[in-house]
């Protein structure tokens, strides 16, 4: 078997990044919480970019319902822990990786340890894991760690960056003190103020807020990985400019539409408050 050579393995990155930048990426550490819909794809994409160190967290195992979208979901991996499978897959790309798994997920007890010496956080938590997400993003804000979230919506991606010294996750989404239904609506509309994905959902009955389940596509997850990794590259290499909240973007491949969004005040913005009122009425009608 051919011996592994880091610079040869990632030589085709050259041209878009320099040799010096590749060495910088080799020394960077990224934390990824959640290795399901998007998290596994984030890890493998960033590993192929040549990032050299990771902390990864997930408490779940692979099951058949993951097959339509999750990196690592296969017949051979059913029943196996996601952190274990994705760690093996990443090491198969770069056996020199420093990659530490957190098989209990990100908890209050290990939050500080999970973020020790981390240069960037890339969000891979389940859409409905709002309590964990609030803790994670609050910790990033307190410790000055840039954080990227790329959400798979429909057949597209919605991106938000939260950078040190800028608008925080809570300042943008305004989730504290709200009911679970309200938090879900605020998170969804905050991610995608223009709701590009809303026009082609053919079976609304598949959206189960109470059961924390909804439809998904593999195309959206792969788009998320590409967009998040590009933002990671710009942040880690100081390539700028990087748009941060209240700026966001959404690309929908099905509708062939791309929009940049700007919501000063986040969900307190008058446009967002109007959209939230409409969404609440729709939710009540569904219920």
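Out of (1) out of contact with any strand residue (DSSP E or B) (no Cβ under 9 Å at 6 or more places or on another chain); (2) crowded, with 19+ Cβ neighbours inside 10 Å; (3) more than 26 Å from residue 163 (Cα to Cα), the odd one out for residue 278 is which?
All conditions pass for residue 278, except number (2).
Out of the residues in segment 107-128 that are under 21 Å from residue 190 (Cα atoms) and surrounded by fewer than 19 Cβ atoms within 10 Å (Cβ to Cβ), state the one that is farthest from the chain's Cα centre (by Cα). Give the derivation first.
Quick first cut of segment 107-128, residues under 21 Å from residue 190 (Cα atoms) only: 121-128.
Remaining after also requiring surrounded by fewer than 19 Cβ atoms within 10 Å (Cβ to Cβ): 126, 128.
Working: 126: 9, 128: 13 Å.
Within segment 107-128, the match that is farthest from the chain's Cα centre (by Cα) is 128.
Quick one: in segment 155-165, which of the residues that are assigned to a loop (DSSP other than H, G, I, E, B) and touching a strand residue (DSSP E or B) at 6+ places or on another chain (Cβ under 9 Å) is nearest to residue 122 (Cα to Cα)?
Among those residues, the one meeting the criterion is 163.
Would you pick out the residues in segment 8-24 that are surrounded by fewer than 16 Cβ atoms within 10 Å (Cβ to Cβ) and part of a loop (DSSP other than H, G, I, E, B)?
15, 16, 18
Taking segment 57-76, which residues are touching a strand residue (DSSP E or B) at 6+ places or on another chain (Cβ under 7 Å) and surrounded by 20 or more Cβ atoms within 10 Å (Cβ to Cβ)?
57
Please go through segment 146-165 and pick out each residue that is over 20 Å from residue 31 (Cβ atoms) and surrounded by fewer than 22 Cβ atoms within 10 Å (Cβ to Cβ).
155
In segment 276-287, what residues are farther than 19 Å from residue 176 by Cα and free of Cβ contacts under 8 Å to residues at least 12 places away in the same chain?
Matches in segment 276-287: 278, 281, 282, 284, 285, 287.
Evaluate the following for residue 141: is it touching a helix residue (DSSP H, G or I) at 6+ places or on another chain (Cβ under 8 Å), within 25 Å of residue 184 (Cα to Cα) and crowded, with 18+ Cβ neighbours inside 10 Å?
Taking the combined requirement at face value, the residue satisfies it.
Listed here are the residues, each with its yes/no results for (1) touching a residue at least 60 places away in the same chain (Cβ under 8 Å); (2) surrounded by 15 or more Cβ atoms within 10 Å (Cβ to Cβ); (3) in a loop (DSSP other than H, G, I, E, B).
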position: 221; (1), (2), (3): yes, yes, no
position: 230; (1), (2), (3): no, yes, no
position: 235; (1), (2), (3): yes, yes, no
position: 241; (1), (2), (3): no, no, yes
position: 251; (1), (2), (3): yes, yes, no
position: 260; (1), (2), (3): no, no, no
position: 274; (1), (2), (3): no, no, no
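Step by step: first the residues of segment 201-217, then only those that are in contact with a strand residue (DSSP E or B) (Cβ under 9 Å, 6 or more places away or on another chain) and more than 16 Å from residue 282 (Cα to Cα), then the one that is surrounded by the fewest Cβ atoms within 10 Å (Cβ to Cβ). Which residue is that?
For segment 201-217, the residue satisfying everything is 214.
Take residue 189 and decide whether it is under 20 Å from residue 172 (Cα atoms), in a helix (DSSP H, G or I) and modelled with pLDDT of 95 or more.
yes
For residues in segment 146-164 being in contact (Cβ under 8 Å) with a residue 40 or more places away in the chain and more than 17 Å from residue 190 (Cα to Cα), which is nearest to the chain's Cα centre (by Cα)? Write out each step before concluding.
First, the residues of segment 146-164 that are in contact (Cβ under 8 Å) with a residue 40 or more places away in the chain: 146, 148-163.
From what is left, the residues that are more than 17 Å from residue 190 (Cα to Cα) are 146, 155.
Details: 146: 13, 155: 15 Å.
Step by step, filter segment 146-164, then rank; the result is 146.
Among the residues that make up segment 166-186, is at least one of them crowded, with 16+ Cβ neighbours inside 10 Å, part of a strand (DSSP E or B) and touching a helix residue (DSSP H, G or I) at 6+ places or on another chain (Cβ under 8 Å)?
No.
Residues 27, 39, 79: which one is loosely packed, with under 15 Cβ neighbours inside 10 Å, touching a residue at least 12 places away in the same chain (Cβ under 8 Å) and closer than 22 Å to residue 147 by Cβ? It would help to see each step written out before you state the result.
Working: 39 fails: loosely packed, with under 15 Cβ neighbours inside 10 Å; 79 fails: closer than 22 Å to residue 147 by Cβ.
Going through 27, 39, 79 in turn, the sole match is 27.
For residue 91, indicate whether it is surrounded by 20 or more Cβ atoms within 10 Å (Cβ to Cβ), at pLDDT 95 or above and touching a strand residue (DSSP E or B) at 6+ places or on another chain (Cβ under 9 Å).
When the stated conditions are applied, residue 91 does not pass them.
The values are calculated or read from the model by the stated rules, or taken from the named source; none is laboratory data. Since the structure is predicted, the reported quantities are computational estimates derived from the model, not experimental observations. Heads up, the Cβs are rebuilt from the backbone with ideal geometry, glycines too, and the neighbour counts pull from every protein chain shown.
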